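Each remark here refers to the structure printed beneath this line.
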Amino acid sequence: MTASAPPTASRHRIRPVFLLLMAAALFGVGWFAQNRLGLDNFGVVEPGKIYRSGRLTARQLERVIRAYGIKTILHAQFNEFGKPEQQTIRTLCENNAVRLCPLQMEGDGRAGFDQYDRAQQVLNDSSHFPVLICCARGVYRTGTIVATYRILNQGWSREKALKEMRAFGMDKTNAPILEYLSRYLDERQAPPGK
């Protein structure tokens with residue numbers, strides 16, 4: 001008579017596969033909740049004044065406008081959208097009496113200095129508050145706008161502002177944006193007459 005494996009042995013082989021499938025399902029639910037229901041990379045720069053985020057759906061954007069009383073949106077990704085999506089955002093802003101300020105910025109946060117200056121003008125004018133700064137992920141474009149605001153207006157050190165950018169997802173080895181940001185700040189922080 002041959003001995004057969006106890007019936008529980010096959011269950012032990014199935015358990016790792018089951019656990020792996022459960023982990024994958026939970027990851028998928030978490031991803032969906034974060035990217036479709038949650039606010040991607042949302043943060044408070046100054047309570048009641050300045051907020052930041054990644055790309056929001058129309059429903060999320062409307063929810064943020066109402067919840068935080070947003071009066072102005074600095075949108076650093078707007079020009080990458082197709083016409084229907086641009087019109088949806090424009091209509092949503094018009095229906096909620098929100099100013100839309102589209103900025104021309106590369107995905108890595110680089111832009112003409114005039115675009116950074118335009119963002120700083122909006123952030124320095126309290127009639128625009130509360131302001132939402134947003135882009136695709138809320139990392140580079142939004143991060144550089146927030147960093148320049150922190151350094152030029154709030155007196156933060158560059159290192160502290162860069163640490164915040166990293167906390168919101170910036171790759172610490174991204175030399176092009178760091179060099180570009182330094183050039184902008186050097187020019188804007190130079191003493192008069194230089």
Pairs only if they're at least six apart or on different chains, beta carbon under 7 angstrom, first in the range 119-147 and on the phi > 0 side of the Ramachandran plot, second part of a helix (DSSP H, G or I) and of a type in the set (Gly, Ala, Ser); list them, first residue then second.
none
Count of the range 39-60 residues which are touching a strand residue (DSSP E or B) at 6+ places or on another chain (Cβ under 9 Å) and part of a loop (DSSP other than H, G, I, E, B)
8
(1) over 19 Å from Arg52 (Cα atoms); (2) in contact with a helix residue (DSSP H, G or I) (Cβ under 9 Å, 6 or more places away or on another chain); (3) not polar (S, T, N, Q) all hold for Met105 apart from (1)
Just for the range 136-194: of the residues that are among the small types (Gly, Ala, Ser) and under 20 Å from Val122 (Cβ atoms), which one is surrounded by the most Cβ atoms within 10 Å (Cβ to Cβ)?
Gly143
What's the number of the condition Arg150 fails, among (1) within 18 Å of the chain's Cα centre (by Cα); (2) more than 17 Å from Ser53 (Cβ to Cβ); (3) among the basic types (Lys, Arg)?
(2)
Give just the number: which of (1) modelled with pLDDT of 95 or more; (2) closer than 23 Å to Leu61 by Cα does Asp114 not satisfy?
(2)
Taking the range 57-74, which residues are surrounded by 14 or more Cβ atoms within 10 Å (Cβ to Cβ), touching a helix residue (DSSP H, G or I) at 6+ places or on another chain (Cβ under 7 Å) and of a type outside the set (Val, Ile, Thr)?
Leu61, Glu62, Lys71, Leu74
Restricted to the range 81-116, and to residues that are touching a Ser or Thr at 6+ places or on another chain (Cβ under 7 Å) and without any contact (Cβ under 8 Å) to a residue 40 or more places away in the chain, which residue is surrounded by the most Cβ atoms within 10 Å (Cβ to Cβ)?
Val98
Being among the basic types (Lys, Arg) and closer than 15 Å to Gly43 by Cβ narrows Arg166, Arg90, Arg118, Arg110 down to just Arg166
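The values are calculated or read from the model by the stated rules, or taken from the named source; none is laboratory data. The model shown is predicted, which means the values in this text are computed figures rather than measured ones. Virtual Cβ from ideal backbone geometry, glycine too; neighbours counted across all protein chains shown.
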